[in-house]
1. Please give the helix B:107-120 orientation as an angle from the longest Cα principal axis of chain B, in degrees from 0 to 90, rounded to the nearest 10.
2. At a Förster radius of 56 Å, what calculated FRET efficiency corresponds to the Cβ-Cβ distance of residue A:220 and residue A:89, to the nearest 0.05?
3. With Cβ to Cβ distances under 11 Å as the rule, what net charge do the other residues near residue A:10 carry (K, R +1; D, E -1)?
4. Near the amide H of residue B:189, under 5 Å away, which other amide H atoms are found, from residues 5 or more places off or on another chain, if H is placed in the peptide plane?
5. Considering only DSSP beta bridges with both partners in chain B, what is the antiparallel share in %, to the nearest 5?
6. Along the range A:170-178, what does the Karplus equation 6.51 cos²θ - 1.76 cosθ + 1.60 (θ = phi - 60°) give for ³J(HN,Hα), rounded to whole Hz, x for Gly and Pro?
7. Can you give the local net charge around residue B:87? Use residues other than it whose beta-carbon is closer than 10 angstrom to its beta-carbon, Lys and Arg +1, Asp and Glu -1.
8. Round to the nearest 10 and report in Å² the accessible area of residue B:230, as given by a 1.4 Å probe over the protein chains' heavy atoms.
Amino acid sequence: MIRRFLAFLLPFLLFLLLWQVVALLVEGLRGVPFPTPWQTMIRLGRLVAGEPLSDVLLYRHVGDSLLRWLTGFGIAAAIGLLYGLTAGLYHRFELATGQIVHLLQLIPGLAWIPIAILIFGLGEAATIFMIAMAAFPAVAITVLAGVRHLDGTYLRAARMLGAGGKALFFQVLLPGALPATLSGLRLGLGNSWRVLLAAEMVVGSGTGLGYAIVESRWTLDYTGAFACLAVIALIGVLVEYGLFRPLERRTLQRYRLDGGAR
Amino acid sequence: MILLDRVSKRYGTGSGAGPFVLQDVSLSLERNRFVCLLGPSGCGKTTLLNLVAGFLAPSAGRVLVDGVGVSGPGPDRGVVFQDATLFPWMTVLDNVRFGLRQQGIAPEQATAAAEECLALVGMAAHAGEWPVRLSGGMRQRVAIARILALQPKVMLFDEPFSALDANSRERLQAELLRICAARPATVIYITHSVEEAAFLAERVIVVGPAPASIHADIALPAPRPRARNSQECNEIKSLLRARLDALPCCITPCPSGGCSP
């Protein structure tokens, strides 16, 4: 038990050690103060306790970032899911539009900045647009691939059993596409989280973790920036281990039919 | 009765059309008989089955079931696939009930009928389980129960036991004959195994590559089940093997679209 716990902690400890070494090296060789893990933790504690960062509380930064993230991602997930299911069901629709989605996927998130600003101007809407554009292709393509795979198997069987229309969609297509949907959402969520921070750095949102990090450049508040990085990593870990891992495990336990005893 | 009237099939259309997978096939299959389609991989057996199932439409010719043209898949023609394709998000019982509920049968009646069919395939004790918990052989039993529940007049089997271990395969073959005796239906059973065809079939159609799609059509002697190692069964096997050996092996798979589903 203790050994397993230590094995779980080991990568984190190694990472902290590496960080510490880099901090000491940078400070010794370049003569600039580089926040150490300990300093970052102290600063994070003070921020959590209510010290303002770039004029507002840490909670405000985190809350605003999460809100933008979930709004943009929610829009992308809904459209992506709808697209994937429709294109999976109607081959002609896929033929007409499939290349567009793949093209969108090739555009790096930050490249949307001029387009976002031209359409929405500086501010919230531009940020949310960028987040949505970063998440949509991943969700759409993964769901579509999932439905494609269903086509030759479950959908065929369901049609043979007399299912049509509504039953086919709700009782076969939706539950059948669940594993693909989950991995699509996970990809999209990751993509959009990265773009969110970058967007906040550029589009001038006034709050948010990305904004706080880029602002710390002007105030030379590097420990503040590091504290924000720690929060970002923590949110990532929470979403991954608290939400997606358990969800995927539960679905796959039931769905993993291939590879089982045959 | 199933009637194929000068049926041809090639994948793709126009200039993108591939070679013929089936060419000019005419067949008539009598009601409630058990027919094996025997042939090497890639010769169009599955395509032929998919035409009867309604998953594919012929490029030329007609497919008739009881005099009515096949226009799509339907519950009157149950299919057991090589992979059981049970819905993993439903329990075994709900998988069998699914087809019945699609026919508009009331929940209680559907449950009763599904339980009866599960009992017929020896899976009554597993009604509440999830498909993922079952072995491959058990899944195929449920897949058979799922179409039995619909009381189809035609049952189509696409190498259903080929992925199972040898022992399970032989036992399920024997079970299948018992089930077909209890629930008569016109059966088309695809296999590439001489042993399987010799044990199961009343009639064996040896399928070869197009254009000679029907290579041989052999009626087998009546009493079934045949003892696997009887003189009679061995003679059937050598006869089928000789026919099969006359065909090329390792046929190139079909181009775009593919032969398999």
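1. Taking the Cα atoms of chain B, the angle to B:107-120 is about 60 degrees.
2. 0.50
3. With Lys, Arg at +1 and Asp, Glu at -1, the net is +2.
4. Under 5 Å from the amide H of residue B:189 lie the amide H atoms of B:35, B:36, B:37, B:157, each far enough along the sequence or on another chain.
5. Taking every DSSP beta bridge with both residues in chain B, the antiparallel ones total about 50 percent.
6. Listing the rounded values in order: 7, 9, 10, 5, 4, x, x, 7, 4 Hz.
7. Details: positive: B:146; negative: B:94.
Summing Lys/Arg as +1 and Asp/Glu as -1 gives 0.
8. 30 Å²
The values are calculated or read from the model by the stated rules, or taken from the named source; none is laboratory data. All of these numbers come straight from a predicted model, not from anything done at the bench. Every residue, glycine as well, gets a Cβ built from its backbone with ideal geometry; the counts of neighbours run over all protein chains shown. When the accessible area is computed, the model is the full protein with side chains, heavy atoms only, and any ligands, DNA or RNA have been set aside. Shrake-Rupley method; radii C 1.70, N 1.55, O 1.52, S 1.80 Å.
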